[in-house]
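Right, one structure below, let's go through it.
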Amino acid sequence: MSKPTPISGFPEWTPAQRMIEQFVLDRIRATFELYGFAPLETRSVEPLDQLLRKGETSKEVYVLRRLQAADTDGPAGDDALGLHFDLTVPFARYVLENAGKLQFPFRRYQIQKVWRGERPQEGRYREFLQADIDIVDRDTLPAHYEAEMPLVIGDALRSLPIPPVRIQVNNRKICEGFYRGVGLTDPEAALRAVDKLDKIGPAKVAELLAETAGASEAQAKACLALAEISAPDASFADAVRALGVTDPLLDEGIAELTAVVETAAAHAPGLCVADLRIARGLDYYTGTVYETQMIGYERFGSVCSGGRYDNLASFGNARFPGVGISIGVTRLLGLLFGAGALSVSRDVPTCVLVAVSNEEDRPASNKVAEALRSRGIPTEVSPSAAKFGKQIRYAERRGIPYVWFPGVEGDEVKDIRSGEQVAAAAGEWTPPRADLKPLVGPATAGA
């Protein structure tokens with residue numbers, strides 16, 4: 001077999017990076033559960049017509065098809081399936097299918113891989129892990145849940161050894177109401193144009209507003225003026241009103257966004273900033289929208305995003321509005337790994353290597369290992385009965401801090417970093433807490 005060629009966009013972490021990822025997932029999961037979110041996992045595939053129902057995603061969806069499928073079983077058939085590109089669409093479908101079994105408001109978290117056929121680049125992948133929270137209710141969803149989302153995400157990300165984050169928030173009611181107030185008849189087209197502001201700049205957005213939303217020069221100028229408003233507090237509302245546009249939906253959006261910003265400021269000052277250029281590209285968002293940037297990594301865009309949706313989970317008279325936000329775990333870690341910004345204290349979970357004096361005594365070494373493992377100490381037995389110096393070097397290469405020497409007259413354990421060796425009993429000895437498991441933290445200079 002020839003040497004395999006890596007497939008771009010499908011990351012495979014090293015064992016050390018995978019341990020960091022698991023640490024991050026454990027911290028995120030713990031925070032989600034502190035806020036009362038219950039775990040959920042949905043299937044990886046959804047009907048293709050459902051995946052293509054909302055937003056500009058058709059070019060990114062991976063279609064699922066059997067290798068030996070007949071020519072008539074093409075992707076356009078009624079049974080066509082695609083890999084989900086986010087976790088919100090499958091969650092909405094799950095709620096509709098299981099509404100009779102759920103208690104509302106339903107709070108769930110979901111940590112799963114998703115797939116998007118976009119061009120791979122730093123921080124962007126075709127297969128990646130997301131960590132989502134959503135709250136859905138039946139018929140109506142109080143706006144205070146939109147203010148809760150940043151609190152959960154702020155706590156989750158602050159629990160990690162990563163740079164500080166800033167959550168940019170907006171409300172699509174502000175945008176839609178403002179666009180209507182200046183006379184635009186296609187607010188959604190205007191939203192999609194403004195969402196490209198960071199990518200193409202104001203001049204191109206103005207052109208796009210004219211082409212897709214029918215905006216005049218004055219209307220485009222007003223839309224860009226709205227997008228320029230940013231404030232770390234509720235003063236954004238005065239800046240919006242100073243533009244002289246009125247609309248009931250605009251007033252509703254201002255009130256809701258003010259509540260989000262003020263709630264976040266009371267919980268964690270500086271966490272949120274009202275940024276009225278944030279629109280989000282998916283059409284199903286109807287209220288507050290969120291984008292999160294890591295300080296120092298702003299050029300890579302958002303690592304956590306989401307928003308309020310009122311019509312995604314609906315069928316007939318049944319309606320389940322919701323609000324959710326998603327951490328792009330692989331995206332976040334990929335950026336930090338690329339910058340060498342995270343480290344783990346050792347490359348293996350093992351805390352203790354039990355030496356083997358000769359192969360006949362391996363059962364005695366196995367017994368020591370079993371005793372240590374029964375007390376929660378990660379332990380492995382030396383692969384060979386080589387000279388002790390060689391077994392110690394084996395432990396050093398793998399980053400294992402302790403080597404255990406079984407003896408007829410008593411056992412001893414050696415900290416191979418300091419050279420200290422003491423008598424020990426497998427049923428009693430415990431390593432320092434810092435050595436029990438690999439420690440994850442920011443990479444130190446020169447590491």
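The values are calculated or read from the model by the stated rules, or taken from the named source; none is laboratory data. Computed from a predicted structure; not experimentally measured. Quick reminder, even Gly has a Cβ in these numbers, built from the backbone with ideal geometry, and neighbours come from all protein chains shown. Side chains included, ligands, DNA and RNA excluded: accessible areas come from the protein's heavy atoms. Shrake-Rupley method; radii C 1.70, N 1.55, O 1.52, S 1.80 Å.
Would the range 2-18 turn up any residue that is open to solvent by less than 50 Å² (accessible area, probe 1.4 Å), of a type in the set (A, V, I, L, M, F, W, C) and over 30 Å from Asp137 (Cα atoms)?
Our first condition is that a residue be open to solvent by less than 50 Å² (accessible area, probe 1.4 Å); within the range 2-18, this holds for 9, 11, 16-17.
Still in the list and also of a type in the set (A, V, I, L, M, F, W, C): 16.
From what is left, the residues that are over 30 Å from Asp137 (Cα atoms) are 16.
There is at least one residue in the range 2-18 that is open to solvent by less than 50 Å² (accessible area, probe 1.4 Å), of a type in the set (A, V, I, L, M, F, W, C) and over 30 Å from Asp137 (Cα atoms).
Given Ala222, Ala227, Ala206, Ala147, which one is over 30 Å from Gly340 (Cβ atoms), free of Cβ contacts under 8 Å to residues at least 40 places away in the same chain and among the small types (Gly, Ala, Ser)? Steps first, please.
Working: Ala222 fails: free of Cβ contacts under 8 Å to residues at least 40 places away in the same chain; Ala227 fails: free of Cβ contacts under 8 Å to residues at least 40 places away in the same chain; Ala147 fails: free of Cβ contacts under 8 Å to residues at least 40 places away in the same chain.
Going through Ala222, Ala227, Ala206, Ala147 in turn, just one is over 30 Å from Gly340 (Cβ atoms), free of Cβ contacts under 8 Å to residues at least 40 places away in the same chain and among the small types (Gly, Ala, Ser): Ala206.
Tell me which residues, restricted to the range 332-382, are open to solvent by less than 10 Å² (accessible area, probe 1.4 Å), within 17 Å of Arg393 (Cα to Cα), in contact with a Leu (Cβ under 8 Å, 6 or more places away or on another chain) and among the aliphatic types (A, V, I, L, M).
If the condition is that a residue be open to solvent by less than 10 Å² (accessible area, probe 1.4 Å), within 17 Å of Arg393 (Cα to Cα), in contact with a Leu (Cβ under 8 Å, 6 or more places away or on another chain) and among the aliphatic types (A, V, I, L, M), then Val352, Val354 are the ones that fit.
Among the listed residues Ala313, Ala318, which satisfies the condition of being among the aliphatic types (A, V, I, L, M) and over 16 Å from Ile135 (Cα atoms)?
Working: Ala313 fails: over 16 Å from Ile135 (Cα atoms).
Ala318 is the lone residue from the list that is among the aliphatic types (A, V, I, L, M) and over 16 Å from Ile135 (Cα atoms).
Only residues that are under 21 Å from the mean Cα position of the chain (by Cα) and either open to solvent by less than 20 Å² (accessible area, probe 1.4 Å) or not basic (Lys, Arg) (or both): list them for the range 301-311, please. Explain how you work it out, then say what you get.
Just the residues of the range 301-311 that are under 21 Å from the mean Cα position of the chain (by Cα), to begin with: 301-309.
If the condition is that a residue be under 21 Å from the mean Cα position of the chain (by Cα) and either open to solvent by less than 20 Å² (accessible area, probe 1.4 Å) or not basic (Lys, Arg) (or both), then Gly301, Ser302, Val303, Cys304, Ser305, Gly306, Gly307, Tyr309 are the ones that fit.
Please tell me if Ala434 is over 25 Å from Pro363 (Cβ atoms), hydrophobic (A, V, I, L, M, F, W, C) and not in a loop (DSSP other than H, G, I, E, B).
Details: over 25 Å from Pro363 (Cβ atoms): yes; hydrophobic (A, V, I, L, M, F, W, C): yes; not in a loop (DSSP other than H, G, I, E, B): yes.
Criteria met by Ala434.
Which one of these is part of a loop (DSSP other than H, G, I, E, B), modelled with pLDDT of 95 or more and not basic (Lys, Arg): Ile377, Ile392?
Numbers: Ile392 fails: part of a loop (DSSP other than H, G, I, E, B).
Unique residue meeting the criteria: Ile377.
What residue, among those in the range 143-155 that are among the hydrophobic types (A, V, I, L, M, F, W, C) and not in a loop (DSSP other than H, G, I, E, B), is most open to solvent (accessible area, probe 1.4 Å)? Outline the logic, then answer.
From the range 143-155, those among the hydrophobic types (A, V, I, L, M, F, W, C) are 143, 147, 149, 151-153; that's our starting set.
Those left that are additionally not in a loop (DSSP other than H, G, I, E, B): 147, 149, 151-153.
Numbers: Ala147: 8, Met149: 0, Leu151: 25, Val152: 0, Ile153: 0 Å².
Checked the range 143-155; the qualifying residue most open to solvent (accessible area, probe 1.4 Å) is Leu151.
Quick one: would you say Ala424 is over 25 Å from Ser343 (Cβ atoms) and hydrophobic (A, V, I, L, M, F, W, C)?
Working: over 25 Å from Ser343 (Cβ atoms): yes; hydrophobic (A, V, I, L, M, F, W, C): yes.
Yes.
Mind listing whichever residues of the range 96-142 are open to solvent by 50 Å² or more (accessible area, probe 1.4 Å), farther than 24 Å from Ile153 by Cβ, outside any strand (DSSP E or B) and not acidic (Asp, Glu)?
Leu96, Gly100, Lys101, Arg119, Arg126, Arg138, listed by residue number.
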